[in-house]
């Protein structure tokens with residue numbers, strides 16, 4: 001069976017190496033006698049983004065038949081997508097094209113009914129995790145604003161962002177009086 005591999009790392013400079021994902025994927029394919037026809041690797045791209053250069057190329061290859069493959073193998077499903085809606089759209093596309101989706105670490109294979117159900121549940125969990133992280137960040141930003149701080153990088157030789165923000169707030173108050 002011909003397969004493609006997909007890997008993604010979120011950051012370029014934080015010692016994240018896609019080989020950590022690709023080596024076990026290659027071993028899995030070799031152990032099952034699969035032929036890897038291409039590896040799609042996105043580097044420095046958030047999983048929250050549905051549009052990623054290599055993921056887009058993979059989906060284009062699947063939809064237009066520019067590569068002959070019967071399965072997509074990923075190290076972990078959240079490397080592919082974090083949104084349930086995105087997961088389900090991709091899964092639907094793959095199903096309509098008779099392409100299986102295999103997640104190595106979760107042992108999910110969408111060519112089986114059980115695999116389809118597990119994939120949907122795990123997608124919902126990943127979306128929940130992403131939402132919780134976003135809520136925590138928003139809460140932290142609100143707390144900083146109430147304390148009169150504005151988060152962000154400090155520029156040497158320039159007033160801090162907090163100072164500039166306070167000046168702007170004071171100017172708005174003067175203008176409104």
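Coordinate-derived values only; no laboratory data. What you see is a predicted model; the values in this text were computed from it and never measured. In this analysis, Cβ positions are derived from the backbone assuming ideal geometry, glycine residues included, and neighbour counts consider all displayed protein chains.
Want the number for residue 56 to residue 120: 0.36 nm per residue separation, take away the alpha-carbon distance, what's left? Please list the in-between numbers first.
Working: separation 64, 0.36 × 64 = 23.04 nm, distance 2.11 nm.
My answer for the length gained is 20.9 nm.
Computed from Cα atoms, the angle from the helix 84-96 axis to the main principal axis of the chain rounds to 20 degrees.
Between 0 and 90 degrees, the angle of helix 113-146 with respect to the longest Cα principal axis of the chain falls at about 10 degrees. Helix 19-31 sits at what angle to the longest principal axis of the chain, using alpha carbons and giving 0 to 90 degrees rounded to 10? It is inclined by approximately 10 degrees. Spin-label model, residue 38/residue 175: points 7 Å from Cα along the beta carbon direction are separated by 5.2 nm. The structure shown yields Kirkwood radius over Cα pairs in Å, and of the options (i) 18.3; (ii) 16.2; (iii) 18.8 that calculated value carries the label (iii).
Given the -39500 (n - 2.57) contribution per DSSP H run of 4+ residues, what per-residue ellipticity at 222 nm results for the chain, rounded to the nearest 500 deg cm²/dmol? Each step should come with its number before you reach the end.
On the way: 6 runs with 92 residues, N = 177.
The per-residue figure over the chain is -17000 deg cm²/dmol.
Multiplying the residue separation of residue 93 and residue 31 by 0.36 nm and removing their Cα-Cα distance gives an extension gain of 19.6 nm. Note on residue 166/residue 131: beta-carbon distance plugged into 1/(1 + (r/R0)^6) with R0 of 22 Å gives a FRET efficiency of 0.10. Arranged from fewest to most other beta-carbon atoms within 10 Å of their beta carbon, 83, 92, 111 become 92, 111, 83.
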